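Just below is one structure, and these are the notes that go with it.
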Amino acid sequence: MTDAAAPRKRHRPESPFRVHLRVVTALLRREMATRYGRTSGGYFWAVAEPAGMIGMMSMAFAALSRKPDLGQSFIVFFATGFLSFNFYRMTALQLFSAVRSNRALLNYPNVAIYDAMVARLLLQTLTNCMVAVVILGIAIWYTGQTVQLDVAWIAPALGAATLLAFGVGVMNSVLFQMFPLYQRVFLIVNRPLFIISGVLYIPEILPTQLRELIAWNPLVHVVSGFRQGVYPSYHSMITQLEYPALCGLVTLALGLLLLRRFGERLMDQ
């Protein structure tokens, strides 16, 4: 049998999952190079900024009070609050601009809006984990605070915060571009979120009616749940991690519907 008569091998078309996996990997590398590889200090600033905030809050409150609401160290107490809150805040902020920042790449046939969203989610989640491990580890070592880390509380709390950030980020990435007025209103309403999320205190010190009111904020449950994983003696009266997770699923479903409805219009803007 001659070579010309030999049967040709048929190349199976690549599965859509593998295509999206390759695209997400490429976008992830691009995001890493753009965000951390081209700036002075790179990942140093990802750690330095929250560390500086925690340090300033600790010094300010140490001058006003003898001891924090939990434990003996202001640094560890504020680190647990700020880092868990930051899992939501930083992830949501990065997703808000995912479509706008990657619009040129989205013109390629194999690149979808969802790929840009997932790439940013993965990068920010990995960054959040790295920052949390480094800062909390240094805070515990420096202060000598006795803690007993409980992954059964820490992991679900951070997972719920990430899911909530993903849902809010996907939804607002569409709404911010379609309705500029909504973006202004959202950012204004979002400003006191840091204060009403229990970062600076524990909900149990508040009057019952006020505590029940702030329990509607899903991030209160995230922060309290994370602190239960660090302070074994702390048992929150309101923590229900199913609530922020459910809020994340609802906003994610709404965001995906908005992307399906307005995806082409976003590319034209």
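Table: residues versus (1) basic (K, R); (2) at pLDDT 80 or above; (3) buried (at least 17 other Cβ atoms within 10 Å of the Cβ); (4) not in a helix (DSSP H, G or I).
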residue	(1), (2), (3), (4)
R29	yes, yes, no, no
A33	no, yes, no, no
S40	no, no, no, yes
E49	no, yes, no, no
N86	no, yes, yes, no
M90	no, yes, yes, no
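Free of Cβ contacts under 8 Å to residues at least 40 places away in the same chain, more than 23 Å from N190 (Cβ to Cβ) and over 16 Å from the mean Cα position of the chain (by Cα) - does that describe any residue in segment 95-105?
Yes, segment 95-105 has at least one match.
Kindly provide the set of residues from segment 60-84 that are part of a helix (DSSP H, G or I) and either in contact with a Ser or Thr (Cβ under 7 Å, 6 or more places away or on another chain) or modelled with pLDDT under 75 (or both), ordered by number.
F74, I75, V76, F78
Residue check: is P203 at pLDDT 90 or above and over 19 Å from the mean Cα position of the chain (by Cα)?
yes
Hand me the list of helices (runs of 4 or more DSSP H) wholly inside segment 104-221 holding 2 or more residues that are crowded, with 17+ Cβ neighbours inside 10 Å and of a type in the set (G, A, S).
Hits in segment 104-221: 113-143, 151-178.
Let me spell it out: the conditions are (1) exposed (fewer than 13 other Cβ atoms within 10 Å of the Cβ); (2) more than 19 Å from the chain's Cα centre (by Cα); (3) closer than 21 Å to A161 by Cβ; (4) among the charged types (D, E, K, R), and E242 meets all of them except one. Which number is the exception?
(2)
Identify all residues within segment 254-266 that are farther than 13 Å from M178 by Cα and either touching a residue at least 40 places away in the same chain (Cβ under 8 Å) or acidic (D, E) (or both); write none if there are none.
Listed by number, the residues that qualify are L254, L256.
If the Cβ limit is 7 Å and pairs must be 6+ apart or interchain, which residue in segment 231-247 that is touching a residue at least 40 places away in the same chain (Cβ under 8 Å) pairs with which residue that is assigned to a loop (DSSP other than H, G, I, E, B) and of a type in the set (F, W, Y)?
Sorted first by the residue in segment 231-247, then by its partner, the list stays empty.
Output the number of residues of segment 202-230 satisfying the condition of being of a type in the set (V, I, T) and free of Cβ contacts under 8 Å to residues at least 60 places away in the same chain.
Residues that pass the stated criteria total 3.
When you check L254 against the structure, is it more than 17 Å from the chain's Cα centre (by Cα), part of a helix (DSSP H, G or I) and surrounded by 16 or more Cβ atoms within 10 Å (Cβ to Cβ), yes or no?
Answer is yes for this residue.
The values are calculated or read from the model by the stated rules, or taken from the named source; none is laboratory data. Computed from a prediction, not measured in an experiment: that's the story for all the values here. All Cβ positions, glycine included, derive from the backbone under ideal geometry; neighbour counts span all protein chains shown.
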